[in-house]
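The values are calculated or read from the model by the stated rules, or taken from the named source; none is laboratory data. These numbers were taken from a predicted model, which means no experiment stands behind them. Cβ: placed from backbone, ideal geometry, glycine included. Neighbour counts: every protein chain shown.
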Amino acid sequence: MAIPDISIPLVLGAGLIDGINPCAFAVLIFLISYLTRVAKEKKRIILTGIIYVASVYVTYLLIGLSLLSVIQLPNISSTIYLVAGFIAIITGALNIKDFFYYGQGLTLRIPTSQKSRIKAWVTKGSIPSAIVLGIMVSLFELPCTGSVYLVILALLAQSSTYLTAVSYLLIYNLMFVLPLIIMLSAITLGYNYKKAEEWKDENKDYMKLLSGLLLLLLGIWMLWSVYT
């Protein structure tokens with residue numbers, strides 16, 4: 001089995017595509033909109049948003065490091081690589097399906113049962129609640145976005161040392177939260193959060209399509225490397 005080498009451009013691109021998802025955007029915009037209504041100090045709004053983004057970064061990084069330590073075990077790394085390829089194709093196909101028929105059949109999204117819990121934490125509007133929100137969103141959206149992450153982890157486990165893999169994960173997760181950083185910066189600089197929410201609603205289908213196409217291509221590429 002000839003495993004393709006992982007590269008910085010691939011890590012950067014995959015992290016950015018992984019980060020462009022409506023789930024984390026929605027919570028950030030909801031949090032900022034709530035704080036805008038109840039908080040008098042702009043500093044508090046900015047600080048809470050930064051804590052939320054940082055919490056997402058740290059949680060997703062810790063998840064990646066934990067999975068990497070398992071995936072790199074010699075007896076299972078090749079199997080995980082193969083499984084990751086199939087999962088990428090299946091998840092990619094589901095995301096593409098959602099672009100045309102959202103809500104019909106199996107759809108990858110935050111469970112409806114958890115949305116009320118997220119809303120409850122948003123309305124607390126505190127620094128600790130922003131940390132909890134970052135952790136919750138990272139865990140709840142993992143089934144939606146985790147396929148890209150798993151693909152990158154599988155590639156890292158097969159083609160790099162642990163220290164190199166960790167450095168790549170730091171970069172990957174920075175790209176993962178970059179869209180949140182841009183959104184938070186735009187809102188704090190005066191961009192209306194209602195327009196941000198409208199933008200998210202108008203483009204969420206295209207986010208799904210872009211993510212789906214990337215996953216499909218990555219999965220095919222991985223399986224092609226196994227069977228050629």
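Observations on the model:
- Residue check for SER225: more than 17 Å from LEU65 (Cα to Cα), touching a Pro at 6+ places or on another chain (Cβ under 8 Å) and among the hydroxyl-bearing types (Ser, Thr, Tyr): yes
- Checking each residue in segment 180-200 for being without any contact (Cβ under 8 Å) to a residue 60 or more places away in the chain and of a type in the set (Asp, Glu) picks out only GLU198.
- Any hit, segment 102-112, residues being at pLDDT 75 or above and more than 17 Å from the chain's Cα centre (by Cα): no
- Single match in GLU197, GLU141 (criterion: under 13 Å from the mean Cα position of the chain (by Cα) and under 22 Å from SER33 (Cα atoms)): GLU141
Table: residues versus (1) of a type outside the set (Phe, Trp, Tyr); (2) under 24 Å from ILE46 (Cβ atoms); (3) assigned to a helix (DSSP H, G or I); (4) out of contact with any Gly (no Cβ under 8 Å at 6 or more places or on another chain).
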position: MET183; (1), (2), (3), (4): yes, yes, yes, yes
position: GLY190; (1), (2), (3), (4): yes, yes, no, yes
position: ALA196; (1), (2), (3), (4): yes, yes, yes, yes
position: LYS200; (1), (2), (3), (4): yes, yes, yes, yes
position: ASN203; (1), (2), (3), (4): yes, no, yes, yes
position: MET207; (1), (2), (3), (4): yes, no, yes, yes
position: LEU215; (1), (2), (3), (4): yes, no, yes, no
position: LEU218; (1), (2), (3), (4): yes, no, yes, no
position: MET222; (1), (2), (3), (4): yes, no, yes, no
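- Residue in segment 156-176 that is small (Gly, Ala, Ser), surrounded by 19 or more Cβ atoms within 10 Å (Cβ to Cβ) and modelled with pLDDT of 75 or more present: yes
- None of SER167, SER138 is part of a helix (DSSP H, G or I) and in contact (Cβ under 8 Å) with a residue 24 or more places away in the chain except SER138.
- Helices (runs of 4 or more DSSP H) enclosed by segment 1-73 - at least 3 residues per element that are modelled with pLDDT of 75 or more, among the polar types (S, T, N, Q) and touching an Asp or Glu at 6+ places or on another chain (Cβ under 7 Å): none
- LEU82 vs. criteria at pLDDT 75 or above and in a helix (DSSP H, G or I): yes
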